[in-house]
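Beneath this line is the structure, given in structure tokens, with notes to follow.
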Amino acid sequence: MFKWIVVFIAALALAVLLALYGAGKGWLGYHEEPGSVTNQVIPAEVVNRRAEDEKAAARGIGIGQAKQILFGDLHVHTTFSFDAFLTSLPMLQGEGAHPPADACDFARYCSALDFWSINDHAEGLTPRHWQETVESIRQCNAVAGDPANPDVVAFLGWEWTQVGDTPQNHYGHKNVIFRGLSDSDIPTRPIASRSFTSRAMLQNAPRPFQLGYLAVVGGHQRYYDFATYVQERLAVDNCADDVPVRDLPATCRESTATPSELFRKLDDWGLESIVIPHGTTWGFYTPPGSSWDKQLVAAQHDPARQTIIEIYSGHGNSEEYRDYREVLFENDTASCAEPTSTYLPSCWQAGEIIRARCIAGGSDEAECEKRAVEARQNYVDADLQGHLTVPGATAADWLDSGQCRDCFLPSFNFRPASSVQYIMALTNFDESTPKRFRFGFIGSSDNHKARPGTGYKEFARHEMTEAAGPVDDEGQRLLAAPAREVAAASEKFDREHSTLQAFQLLEAERQASFFMTGGLVAVHSDGRDRNEVWNALKRREVYATSGDRILLWFDLLNPPNAPSADSMLPMGSEVSMSGPPHFQLRAVGAFEQKPGCPEYAEKALGSERLQHLCRNECYNPSERRKRITRFEIVRIRPQAFAGEPVRDLIEDPWRILHCTPDPAGCTVDFYDPDFSVGRRDTVYYARAIEEPSQAVNADNLRCQYDANGICTSVRPCHGDYRTNYEDDCLGSVEERAWSSPIFVNFQAG
């Protein structure tokens, strides 16, 4: 009898193990489908009304034959991306599948965009999902009506998601988009970053038994589908190196280690594409001390493809330069920087946390100072994992360390030497012809829930931003390192032997307070069709907004050799001249929004899909526009010699030009009399600032300050259960638009 009991128990255990293994291998899950695009053209009068409203606004501030201003989002993820699928799981308060078809419907009916692009992470796109992406984007364009005047233009693309573990090998993320959609206009496969496709990274993927346990305990089909999703990716082999792109099989995963290799492969394809750097200051994955200097070399920059840069997204603002450093480098040795009145390095705060614990434990001041010094260095040595060197530290313990205190909606753990202003001030004198970056500025969302253009209303923090987190302490382990006992001494981080994976290695908890609704890219276009939108992007006649549909014009009024007295050069232009440049700025505020959705959206989507996608709130403009309160002019004079300090070259703001409160808009002119005296090339751009309004996470960590402006406590806006799900964490903000620069080179004569 005992023998049969043992046999039964063994058989039961084997069955359980087999069930877990099978669930983890994806046997019980379904493939993540692309979905079906709603096949209903938006009424022509709706699209025409947008154009007429813009023309009327332009006439109201003295603009006659204006180009159309079209609004779009060139940074959109669906649950074809690994991180998007992960945060769609029930344990992270996810909504389930949001495939490419959702993105198309959202752009057309919820956010009412004129154009958008899909940019799922190439590292996670299987050959099947890539082909489904292509077909879904084709469907989106097919249902948009007349190709010469569509209700939306959808571009195909992906994200190249590179992350280095040191400042020297970190290049960051770049979106790649393509002009055409025919088979001859697109590559056979996306090009991934090798930092996430190496064999070592794949070996750290969840094991079948881990996935099976998650699925069985979770008790939801979505977990079984996640196991299928993971196994589909593990089944794809990496492509061979040094094989021409057109000779590689369609079924392999192609990858590159550096921007240089990415550009070379794009050259091999020979297709029209734009490469858009983004998130340059995001310290969530950018190592402390990272700088864009190393990318201003011929190999790592393609000026024909890298024509625009994302200055703002739902991950915050990457515009502003500040003269502080997260860490200091001397002879390749890193050390902690000291705090200033405007910046508290996280490495320094690590020392202060340990010091306070040490003193509370009764140790003498000398011993506690010694431990504080050690804690600071341990943090620096750990790079992105510095927060793991302080056992038991909470988000509140770190206060506002690592953050830009006086930036507009800054990105998390701001990296100033990778800011757009710093990038625009650089010059490389190492080669025969000095090199500079000449970027146009765009905004986008970086939304991971197939929701392009989320900034049309400030609501639904969990659905319209990247805020996501566990429903309880059990789920916390997926996104955070295991809890440790509080200790009065720091610990070195052992990267080589660490068992932590993915988001457990990163500072995800504080990051949630820096997720905003998305920005937008606006183009001055000669038409609504694909080619005209593309041409505007290529010539940099674009601008960024923080989400509001502000209308903005920025022109040089006195270009040399102008064919007529009223000739102007628009934003994005480059010109050489000797006399003082004369500029004109005009802006009109965005429409205030009415609650709910327009009738055409309700009819097209139906009540259930309207709730699932739009949360019953759409772009629904009223007749009233917000007021533009002022313009802020930024002047940057790029380095004229090697090593010239960048801090002296960025004047922000160089001028503030106030506006008379008027819903019809604001117009100002200004000169730069210093240009002819200084005799050096200069970059000018402008910010148009709206009257204050409420926005999600506008107060970030919600600091409490003392009389000296020092943050003494924080109240983070968590993505998980610790902050009420319905709390949108609203704060006051001045929404804005950033013009692309006008590049004025000095030419004697």
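Determine, yes or no, whether G527 is farther than 25 Å from Q40 by Cα and not polar (S, T, N, Q).
Taking the combined requirement at face value, the residue does not satisfy it.
What number of residues within the range 715-745 are surrounded by fewer than 19 Cβ atoms within 10 Å (Cβ to Cβ) and either touching a helix residue (DSSP H, G or I) at 6+ places or on another chain (Cβ under 7 Å) or under 29 Å from R627 (Cβ atoms) (or both)?
Of the residues in that region, 6 qualify.
What about A590, is it closer than 28 Å to S411 by Cβ and of a type in the set (A, V, I, L, M, F, W, C)? Can you show your working first?
On the way: closer than 28 Å to S411 by Cβ: yes; of a type in the set (A, V, I, L, M, F, W, C): yes.
Taking the combined requirement at face value, the residue satisfies it.
I need the helices (runs of 4 or more DSSP H) fully contained in the range 71-149, keeping only those with at least 3 residues that are surrounded by fewer than 24 Cβ atoms within 10 Å (Cβ to Cβ) and modelled with pLDDT under 95.
It comes to 82-86.
What are the pairs with Cβ atoms under 6 angstrom where one residue, in the range 718-742, is on the phi > 0 side of the Ramachandran plot and the other, located anywhere, is surrounded by 17 or more Cβ atoms within 10 Å (Cβ to Cβ)? Sequence gap at least six, or different chains.
From the range 718-742, the pairs are C729/N697; C729/C717.
In the range 150-193, how many residues are more than 16 Å from the chain's Cα centre (by Cα), touching a residue at least 24 places away in the same chain (Cβ under 8 Å) and assigned to a loop (DSSP other than H, G, I, E, B)?
Here the count works out to 17.
Please determine whether any residue of the range 427-440 is among the β-branched types (V, I, T), at pLDDT 95 or above and surrounded by fewer than 24 Cβ atoms within 10 Å (Cβ to Cβ).
Yes; the residues of the range 427-440 include at least one that is among the β-branched types (V, I, T), at pLDDT 95 or above and surrounded by fewer than 24 Cβ atoms within 10 Å (Cβ to Cβ).
Does the range 386-396 hold any residues that are modelled with pLDDT of 95 or more and farther than 14 Å from F493 by Cα, and which are they?
Once the filter is applied, which keeps residues that are modelled with pLDDT of 95 or more and farther than 14 Å from F493 by Cα, the range 386-396 yields nothing.
May I ask you to list the residues in the range 397-414 that are touching a helix residue (DSSP H, G or I) at 6+ places or on another chain (Cβ under 9 Å) and either of a type in the set (G, A, S) or surrounded by fewer than 18 Cβ atoms within 10 Å (Cβ to Cβ) (or both)?
Passing the criteria: S401, G402, S411.
S401: in a loop (DSSP other than H, G, I, E, B) and more than 20 Å from the chain's Cα centre (by Cα), yes or no? Walk me through it before giving the result.
On the way: in a loop (DSSP other than H, G, I, E, B): yes; more than 20 Å from the chain's Cα centre (by Cα): yes.
Answer is yes for this residue.
Of all residues in the range 364-396, which are of a type in the set (S, T, N, Q) and surrounded by fewer than 17 Cβ atoms within 10 Å (Cβ to Cβ)?
T394
Just one of A334, A299 is in a strand (DSSP E or B) and over 21 Å from the mean Cα position of the chain (by Cα); which is it?
A334
Residues that are under 14 Å from H315 (Cα atoms), at least 3 per element: which helices (runs of 4 or more DSSP H) completely within the range 414-519 meet that?
Qualifying helices (runs of 4 or more DSSP H): 461-464, 508-511.
Tell me, please, whether a residue that is at negative phi and modelled with pLDDT of 75 or more can be found in the range 7-27.
Yes, the range 7-27 contains at least one residue that is at negative phi and modelled with pLDDT of 75 or more.
Answer yes or no as to whether L74 is within 18 Å of A227 (Cα to Cα) and either touching a residue at least 12 places away in the same chain (Cβ under 8 Å) or under 23 Å from the mean Cα position of the chain (by Cα) (or both). Break it down into steps so the answer makes sense when it comes.
On the way: within 18 Å of A227 (Cα to Cα): no; either touching a residue at least 12 places away in the same chain (Cβ under 8 Å) or under 23 Å from the mean Cα position of the chain (by Cα) (or both): yes.
It is false that L74 is within 18 Å of A227 (Cα to Cα) and either touching a residue at least 12 places away in the same chain (Cβ under 8 Å) or under 23 Å from the mean Cα position of the chain (by Cα) (or both).
Going through A522, A544, A508 one at a time, which residue ends up being closer than 27 Å to L92 by Cβ and within 25 Å of the chain's Cα centre (by Cα)?
Checking each option against the conditions leaves just A508.
If I ask for residues that are outside any helix (DSSP H, G or I) and either modelled with pLDDT of 90 or more or exposed (fewer than 12 other Cβ atoms within 10 Å of the Cβ) (or both), which ones from the range 41-61 would you list?
Hits for the range 41-61 are I42, P43, I61.
Quick check on my filter: what residues within the range 289-309 are of a type in the set (G, A, S), out of contact with any His (no Cβ under 7 Å at 6 or more places or on another chain) and under 15 Å from G172 (Cβ atoms)?
Across the range 289-309, the qualifying residues are G289, S291.
Filter the range 302-331 down to the residues that are hydroxyl-bearing (S, T, Y), modelled with pLDDT of 95 or more, under 30 Å from N697 (Cα atoms) and in a loop (DSSP other than H, G, I, E, B) and list them by number.
S318, Y321
Filter the range 213-260 down to the residues that are among the small types (G, A, S) and either touching a Phe, Trp or Tyr at 6+ places or on another chain (Cβ under 7 Å) or assigned to a strand (DSSP E or B) (or both) and list them by number.
Answer for the range 213-260, where residues must be among the small types (G, A, S) and either touching a Phe, Trp or Tyr at 6+ places or on another chain (Cβ under 7 Å) or assigned to a strand (DSSP E or B) (or both): A215, S255.
Those residues that are over 14 Å from I353 (Cα atoms) and of a type outside the set (D, E, K, R), I need them from the range 364-397; list them, please.
Selection gives A366, V380, A382, L384, Q385.
Does any residue in the range 232-246 that is surrounded by 11 or more Cβ atoms within 10 Å (Cβ to Cβ) come within less than 8 Å, Cβ to Cβ, of a residue that is of a type in the set (S, T, Y) and assigned to a loop (DSSP other than H, G, I, E, B) six or more places away or on a different chain, and which pairs are these?
E232/T126; R233/T126; V236/T126; V236/T251; N238/T197; V245/T188
The values are calculated or read from the model by the stated rules, or taken from the named source; none is laboratory data. Predicted model only: the values in this text are computed from it and were never measured. Glycine gets a Cβ as well: all are built from the backbone with ideal geometry, and neighbour counts include every protein chain shown.
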